[in-house]
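Colleague: Before we start, here is the structure in question, set down as structure tokens.
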Amino acid sequence: MNHARTSDKAIIFLVLLAVLMAGCSPANDPAATTADLQSDPQPDLADLPPGALTVYSGRSESLVGPILQAFSQVSGIETGVRWGSTSELAVTLLEEGELSPADVFFAQDPGGLGAVAEQLAPLPSSILDLVDRRFRDPAGRWVGISGRARVVVYNTEALTEADLPDSLEGFTDPAWRGRIGWAPTNASFQTMVTAMRAAWGEAATRQWLEAMQANQPVVYDGNTPIVAAVGAGEIEVGLVNHYYLYRFLDEEGAGFAARNYFLPDGGPGSLVMVAGAGVLQSSANKEAAFELIEYLLSAEAQAYFAEQTKEYPLAAGVEPAADLIPLAELNAIDMPLTSLADLEGTVILLRQTGVLP
């Protein structure tokens with residue numbers, strides 16, 4: 001009975017979270033297209049042939065559709081995908097339980113994987129050993145596929161790196177009033193605040209949120225409009241993930257007036273988040289599912305994430321895009337990914353401080 005109540009509570013929270021974040025996925029995905037936004041997020045997968053894989057993907061079709069198609073071409077294993085936000089799909093998996101048709105859950109963040117961890121099967125060591133321990137589940141139930149670093153994007157016509165503080169705490173200075181953009185409904189922002197709570201404690205995180213609120217940050221519904229606003233000079237800095245900038249640089253060229261700043265202090269503002277994948281215990285196609293995850297960590301797939309989406313490859317021996325600072329050179333916060341699971345506490349705190357309604 002206790003387990004049932006816990007599951008019910010998790011489902012209720014994830015439903016609320018899915019509704020709250022509906023405005024930021026996939027519309028604010030840097031590579032999302034109008035077709036993606038109009039597509040049915042719950043396609044009929046009933047016609048898949050025996051032996052085919054069903055993937056529940058919290059990553060958008062525009063980002064990972066090509067690499068999933070490449071897997072089917074290379075392996076000969078047909079793959080059907082149910083697209084949606086990570087929180088929506090986690091809710092679905094919790095509701096479906098052992099009856100879920102899903103074989104693989106490909107999630108945008110560790111929180112979604114953690115929510116369904118009891119339904120995930122242990123991964124073989126041959127897969128886990130492809131990735132550094134800090135980018136995988138300590139219990140071996142899921143593994144990171146690609147990484148996204150939190151950064152400060154700044155307007156190059158108004159600021160240089162020398163004008164920027166070393167840590168997130170510096171932006172609470174009243175001198176930054178009205179100059180900052182953030183997206184409180186965005187999942188990555190909420191993950192960063194979760195990291196703050198784990199690293200600083202509840203009281204210090206509350207103080208930071210209240211001080212930032214006093215600085216009247218401009219609120220956006222996602223990372224893409226923040227980067228656009230910084231480049232246009234509407235705001236001077238924004239709190240985003242690193243890879244959003246590159247679409248603008250690709251489309252508008254090096255003259256686009258924004259660049260990324262990796263906070264050097266090693267605090268929550270330098271968090272590296274992972275998108276990861278796990279195999280459902282209820283899957284009847286576990287070997288094929290393991291094959292998919294192993295492929296996502298192959299040199300070919302990791303190079304795709306590095307070059308096409310500008311994310312950090314997580315498999316050992318694969319380098320990021322040439323214009324990205326290597327992960328080893330980032331002073332990223334050293335924090336177990338399991339510390340990022342309490343999104344519920346973060347949403348409560350954001351509401352208590354008025355950051356969320």
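Colleague: Given Ala315, Leu297, Ser87, which one lies farthest toward the positive end of the charge dipole of the chain, if we put +1 on the Cβ of every Lys and Arg and -1 on the Cβ of every Asp and Glu?
Modeller: Going by the charge dipole, the pick is Ser87.
Colleague: If you place +1 on the Cβ of every Lys and Arg, -1 on the Cβ of every Asp and Glu, and leave all else neutral, what size is the dipole of the range 267-324 about its Cα centre, to the nearest 20 Debye? Mind showing how you got there, number by number?
Modeller: Details: 2 positive and 8 negative charges, 47 e Å.
Once rounded to the nearest 20, the dipole reads 220 debye.
Colleague: Let me ask something else about it. Work from the charge dipole of the chain (Cβ charges, +1 for Lys and Arg, -1 for Asp and Glu, about the Cα centre) and give the residue of Gly51, Ala115, Leu245 farthest towards its positive end.
Modeller: It is Ala115.
Colleague: Please tell me the relative contact order of the chain in percent, rounded to the nearest whole number, where contacts are Cα pairs under 8 Å and at least six residues apart.
Modeller: Details: 655 pairs, mean separation 85.8, N = 357.
Relative contact order, the chain: 24 percent.
Colleague: Tally the DSSP beta bridges in the chain and give the antiparallel ones as a percent, rounded to 5.
Modeller: Numbers: 25 of 37 bridges.
Percentage antiparallel, nearest 5: 70.
Colleague: Using θ = phi - 60° and the Karplus curve 6.51 cos²θ - 1.76 cosθ + 1.60, what whole-Hz ³J(HN,Hα) does each residue of the range 145-161 get, with Gly and Pro shown as x?
Modeller: 9, 8, x, 10, 9, 6, 9, 9, 8, 10, 7, 6, 8, 9, 9, 10, 4
Colleague: How fast does the range 247-357 diffuse by Stokes-Einstein, in µm²/s, taking the Kirkwood radius from C-alpha pairs at 25 °C and 0.890 mPa s?
Modeller: Working: Rh = 17.3 Å.
Estimated diffusion coefficient is 142 µm²/s.
Colleague: Follow-up. Which whole-number percentage describes the relative contact order of the range 98-220, with Cα contacts under 8 Å and a sequence gap of 6 or more?
Modeller: 21 percent
Colleague: Provide the per-residue ³J(HN,Hα) series for the range 255-261, in order, calculated from phi with Karplus coefficients 6.51, -1.76, 1.60 and θ = phi - 60°, each as a whole number of Hz, with x at glycine and proline positions.
Modeller: Karplus-based 3J(HN,Hα) across the range 255-261 equals x, 4, 7, 8, 9, 8, 10 Hz.
Colleague: Loop only by DSSP, 13 or fewer other Cβ within 10 Å of the Cβ. Give me the GluC sites (Glu not before Pro) in the range 81-177 that pass, ordered by residue number.
Modeller: Numbers: sites: Glu88, Glu95, Glu96, Glu98, Glu118, Glu157, Glu161, Glu169; in loops: Glu157.
Within the range 81-177, the qualifying GluC sites (Glu not before Pro) (loop, at most 13 other Cβ atoms within 10 Å) are Glu157.
Colleague: Applying 1/(1 + (r/R0)^6) with R0 = 22 Å to the Cβ-Cβ distance of Gln308 and Leu356, what FRET efficiency is obtained, to the nearest 0.05?
Modeller: Values: r = 33 Å, r/R0 = 1.50.
After rounding to 0.05, the efficiency reads 0.10.
Colleague: Hey, if you put +1 on the Cβ of every Lys and Arg and -1 on every Asp and Glu Cβ in the range 77-202, which of Ala139, Val193, Gly97 ends up farthest toward the positive end of that dipole?
Modeller: Val193
Colleague: Something else about it: From the square roots a ≥ b ≥ c of the eigenvalues of the alpha-carbon gyration tensor of the chain, which class results: rounded (a/c under 1.5), prolate (a/b over b/c), or oblate? Walk me through the numbers before you get to the answer.
Modeller: On the way: a/c = 1.75, a/b = 1.42, b/c = 1.23.
Here the chain falls in the prolate category.
Colleague: Amide H of Ser146: which non-local residues (sequence gap of 5 or more, or other chain) have their own amide H closer than 5 Å, using H built in the peptide plane?
Modeller: Result for Ser146 returns Ala275.
Colleague: Let me make sure I get this right: for the range 159-292, a, b and c are the square roots of the gyration tensor eigenvalues over alpha carbons, sorted descending. Under 1.5 in a/c it's rounded, otherwise prolate if a/b > b/c, else oblate. Which is it?
Modeller: Numbers: a/c = 2.39, a/b = 1.44, b/c = 1.67.
Verdict is oblate for the range 159-292.
Colleague: Another question, if that's okay. Based on the Cα coordinates of the range 93-237, what is the per residue volume of their convex hull in Å³? Show your work: numbers first, answer last.
Modeller: On the way: hull volume 21.8 nm³, N = 145.
In the range 93-237, the Cα convex hull volume per residue is 151 Å³.
Colleague: Something else now. Rounded, prolate or oblate, given the Cα gyration tensor of the range 169-213, with a/c below 1.5 counting as rounded?
Modeller: Values: a/c = 2.51, a/b = 1.27, b/c = 1.98.
Oblate, because a/c is 1.5 or more while a/b does not exceed b/c.
Colleague: Kindly provide the helix-only [θ] at 222 nm of the chain, computed as the sum of -39,500 (n - 2.57) over DSSP H runs of four or more divided by all residues, to the nearest 500 deg cm²/dmol? Walk me through the numbers before you get to the answer.
Modeller: Numbers: 13 runs with 136 residues, N = 357.
Using -39500 (n - 2.57) per qualifying helix, the result is -11500 deg cm²/dmol.
Colleague: Quote the relative contact order of the range 230-357 in percent (integer), defining contacts as alpha-carbon pairs under 8 Å separated by 6+ residues.
Modeller: The value is 21 percent.
Colleague: To make sure I understand, if each residue's beta carbon is the centre and we count other beta carbons within 10 Å, what order do Met335, Met273 fall in, fewest to most?
Modeller: Going from least to most buried by this count: Met335, Met273.
Colleague: Something else about it: If R₀ is 56 angstrom, what is the calculated FRET efficiency for the pair Gln207 and Glu252, using the beta carbon separation as r and rounding to 0.05?
Modeller: Once rounded, the FRET efficiency stands at 0.90.
Since every read-out is calculated from the coordinates, none of them should be taken as a lab result. If you're wondering where the values come from, they're calculated on a predicted model, not measured in any experiment. FYI the Cβ positions are ideal-geometry reconstructions off the backbone, even for glycines, and counts take in every protein chain you see.
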